[in-house]
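Novice: Handing you this structure, nothing more for now.
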Amino acid sequence: MSSSTENWQAELTRRHKAIATTVAGLIVGTVLLSVVAFLGREYFRQQPNPSLDIAARITILILGLGSIVWRRTKFSALRLQDIGALQGARGLIKTLEKTTVQLGLIAAATVGLGFITTLLTGNEFYSYTGGAVGLVVLLYCYPTKRSWVKTVEQFAENQGPPPPPDLGN
């Protein structure tokens, strides 16, 4: 195994561990906010607000669907192939890390929006909905080390010369 292979694998391991811990922490935070909303429902004063109701539901929906589109766009094969060709393994690892953090922040925004709307309206439904959508996004973006390694191996620029073309002889 060459030293460049060992270097990117060590960097991948380090960055993966940090991101996996971050996403796991966001998952725990999401569950805790839903528990707080459940336990505090007796203390909330019901204040119906139709305009806030519609705005919160649409925003939660857009954030949830937008995160899926964002992930699929950022992790498209052509984009990863270009990054691998231009920046190599390190660029791919940075892209995987950055995109996962962005998705985690979108999920956290969704959860936070739901909880704040619960505080404003007194209806715990928003915490549950925002929490459920945020949890789905966090589970969807949770980084598995195997997938990161497979992505880097597949899309990182090969260091050797290209194979000769098959002339059909």
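The values are calculated or read from the model by the stated rules, or taken from the named source; none is laboratory data. Treat the numbers as computed from the prediction; the structure is a model and nothing was measured. Cβ placement follows ideal geometry from the backbone for every residue including glycine, while neighbour counts extend to all protein chains displayed.
Novice: Considering only region 40-65, how many residues are within 14 Å of Thr110 (Cα to Cα) and loosely packed, with under 14 Cβ neighbours inside 10 Å? I'd like the intermediate steps shown before the answer.
Specialist: Our first condition is that a residue be within 14 Å of Thr110 (Cα to Cα); within region 40-65, this holds for 55-65.
Those left that are additionally loosely packed, with under 14 Cβ neighbours inside 10 Å: 55, 58, 61-62, 65.
Count: 5.
Novice: From the list Arg45, Arg90, Arg41, Arg15, which one is under 21 Å from Gln154 (Cβ atoms), over 16 Å from the mean Cα position of the chain (by Cα), of a type in the set (Lys, Arg) and at pLDDT below 95? Walk me through it before giving the result.
Specialist: On the way: Arg45 fails: under 21 Å from Gln154 (Cβ atoms); Arg41 fails: under 21 Å from Gln154 (Cβ atoms); Arg15 fails: over 16 Å from the mean Cα position of the chain (by Cα).
Of Arg45, Arg90, Arg41, Arg15, the one residue that is under 21 Å from Gln154 (Cβ atoms), over 16 Å from the mean Cα position of the chain (by Cα), of a type in the set (Lys, Arg) and at pLDDT below 95 is Arg90.
Novice: Quick check: is even one residue across region 75-96 out of contact with any strand residue (DSSP E or B) (no Cβ under 9 Å at 6 or more places or on another chain), closer than 28 Å to Gly130 by Cβ and among the charged types (D, E, K, R)?
Specialist: no
Novice: Could you check Ile58 against (1) modelled with pLDDT of 95 or more; (2) under 15 Å from Val137 (Cβ atoms) and say which number it fails?
Specialist: Going through (1) modelled with pLDDT of 95 or more; (2) under 15 Å from Val137 (Cβ atoms) one by one, Ile58 breaks only (2).
Novice: Would a scan of region 69-84 turn up a residue that is of a type in the set (Asp, Glu), at pLDDT below 95 and more than 30 Å from Tyr126 (Cα to Cα)?
Specialist: Quick first cut of region 69-84, residues of a type in the set (Asp, Glu) only: 82.
Within this subset, residues satisfying the condition of being at pLDDT below 95 are 82.
Right, trim to more than 30 Å from Tyr126 (Cα to Cα) and you get 82.
For region 69-84, residues of a type in the set (Asp, Glu), at pLDDT below 95 and more than 30 Å from Tyr126 (Cα to Cα): present.
Novice: Take Ala107 and decide whether it is buried (at least 16 other Cβ atoms within 10 Å of the Cβ), modelled with pLDDT of 95 or more and over 17 Å from Ala55 (Cβ atoms).
Specialist: Working: buried (at least 16 other Cβ atoms within 10 Å of the Cβ): yes; modelled with pLDDT of 95 or more: yes; over 17 Å from Ala55 (Cβ atoms): yes.
Taking the combined requirement at face value, the residue satisfies it.
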